[in-house]
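Undergrad: Below: one structure in structure tokens.
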Amino acid sequence: MEKLLNTNCGAFLQVLASKQPTPGGGAASALCGATAAALTAMLANLTAGKAGSEEREQQTAAIIAKADELRAELGALADDDAAVFGKFMAAYKLPKTTDEEKAARTAAIQTAAIAAAEVPMQIAEKAAQVLELAQQLIDFGNPNAISDGTVSALMARAAVRSALYNVKINLGMIKDEAYTAAARAKMQRLEADALAAEEYVLAATAKILK
């Protein structure tokens with residue numbers, strides 16, 4: 001399949017629904033995060049230049065630039081997720097006749113499993129950054145489009161949580177206890193921060209949409 005950001009939604013959804021193993025949950029999480037970034041940029045663009053937001057112009061411009069950057073990065077990570085899965089499957093197909101081959105295969109599987117955990121972790125981290133931008137913007141964004149900011153935050157939150165499940169499934173195959181312990185600690189921080197941001201955004205939205 002061509003790169004995610006070079007295809008259309010219909011084509012992506014068609015292959016996602018097929019029997020092909022990729023794209024899968026990781027790519028879907030990345031696309032969710034990229035969509036959240038686009039919505040964040042949308043609200044920021046609708047806020048820029050509006051009366052009453054002049055003193056926030058520099059912050060608004062920075063949010064637009066960062067959201068655009070994250071949208072591109074999350075799109076690329078969707079492709080990376082499919083690539084690391086391919087390497088993971090290739091490792092399982094390595095020969096295992098001799099002791100040397102078995103050892104090499106085991107090492108390759110461990111390397112591939114770590115890579116397969118790293119990509120969704122990066123997706124979660126990038127989506128968390130999108131959520132942070134949405135949280136900033138919810139306080140001063142154009143009130144006529146504030147629901148778009150809320151949706152962007154909720155989609156970013158979903159991307160974080162979804163990507164972390166893809167991390168979890170790969171951690172179960174990794175034997176490096178130090179690595180898995182550090183990864184689980186990072187996951188807990190991301191989840192806690194995302195939950196707090198979601199609650200903040202929903203509370204702020206409730207004050208605006210009375």
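Just so it is clear, none of the values below were taken in a lab; they were calculated from the coordinates. Computed from a predicted model, the values in this text were never measured in an experiment. So basically every Cβ, Gly included, is an ideal-geometry build from the backbone, and we count neighbours across all protein chains shown.
Undergrad: Report the relative contact order of region 1-88, percent, no decimals, based on alpha-carbon pairs under 8 angstrom and at least 6 residues apart. The partial results should precede the final answer.
TA: Values: 73 pairs, mean separation 38.0, N = 88.
Averaging sequence separation for qualifying contacts and normalising by length gives 43 percent for region 1-88.
Undergrad: Just for the Cα atoms in region 62-118, what are the lengths along the principal axes, largest first, rounded to whole Å?
TA: Dimensions of region 62-118 along the principal axes of its Cα atoms: 56, 14, 10 Å.
Undergrad: Calculated FRET efficiency, Leu13 and Ala103, Cβ-Cβ r, R0 25 Å, to nearest 0.05?
TA: On the way: r = 42 Å, r/R0 = 1.67.
Between Leu13 and Ala103 the formula returns 0.05.
Undergrad: Oh, and also: Over the chain, what relative contact order in percent results from Cα pairs under 8 Å that are six or more residues apart? If you can, show how the numbers build up before the last one.
TA: Numbers: 286 pairs, mean separation 58.0, N = 210.
Relative contact order of the chain: 28 percent.
Undergrad: Let me ask something additional. For region 79-145, what's the relative contact order in percent, using C-alpha pairs closer than 8 Å and at least 6 residues apart?
TA: On the way: 28 pairs, mean separation 21.9, N = 67.
Relative contact order, region 79-145: 33 percent.
Undergrad: What would the Debye equation give as log₁₀ I(q)/I(0) for region 29-133 at q = 0.10, 0.17, 0.19, 0.22 Å⁻¹, counting only Cα atoms as equal point scatterers?
TA: -0.43, -0.77, -0.86, -1.00
Undergrad: So the label point goes 7 Å from the Cα of Phe140 along Cα→C-beta, right? Which residues of region 151-168 then have their backbone N under 15 Å from it?
TA: none
Undergrad: Where in region 61-85 is the amide nitrogen less than 20 Å from a point lying 7 Å along the Cα-to-Cβ axis of Asn45?
TA: Taking a point 7 Å out along Cα→Cβ of Asn45, the residues of region 61-85 whose backbone N falls under 20 Å are 61-76.
Undergrad: Here is the link list: Lys19/Lys96; Lys66/Lys210; Lys102/Lys175. Which ones come out longer than 22 Å on Cα distance?
TA: Numbers: Lys19/Lys96 28 Å; Lys66/Lys210 30 Å; Lys102/Lys175 16 Å.
Going by Cα-Cα distance, Lys19/Lys96; Lys66/Lys210 fall outside the 22 Å limit.
Undergrad: Also, I was wondering about something else. In degrees from 0 to 90, rounded to the nearest 10, what is the angle of the helix 177-208 Cα long axis to the longest principal axis of the chain?
TA: 20 degrees
Undergrad: Assuming R0 = 45 Å, what is the FRET efficiency of Leu209 and Ala83, from their Cβ-Cβ distance, to the nearest 0.05?
TA: Values: r = 42 Å, r/R0 = 0.92.
With R0 = 45 Å, the Cβ-Cβ based efficiency is 0.60.
Undergrad: Now for a different question. Once you have the Cα-Cα distance between Glu55 and Met173, take 0.36 nm times their residue separation minus that, and quote the gain in nm to one decimal.
TA: Once the chain is fully extended between Glu55 and Met173, it gains 37.4 nm.
Undergrad: What is the Cα coordinate range of the chain on the first, second and third principal axes, sorted by size from largest, in whole angstrom?
TA: Projected onto the principal axes, the Cα atoms of the chain cover 73, 37, 28 Å.
Undergrad: Separate question: What order do you get for 10-19, 38-47, 83-92, 135-144 when each peptide is scored by the mean count of other beta carbon atoms within 10 Å, highest first?
TA: The peptides rank, most packed first, as 38-47, 135-144, 83-92, 10-19.
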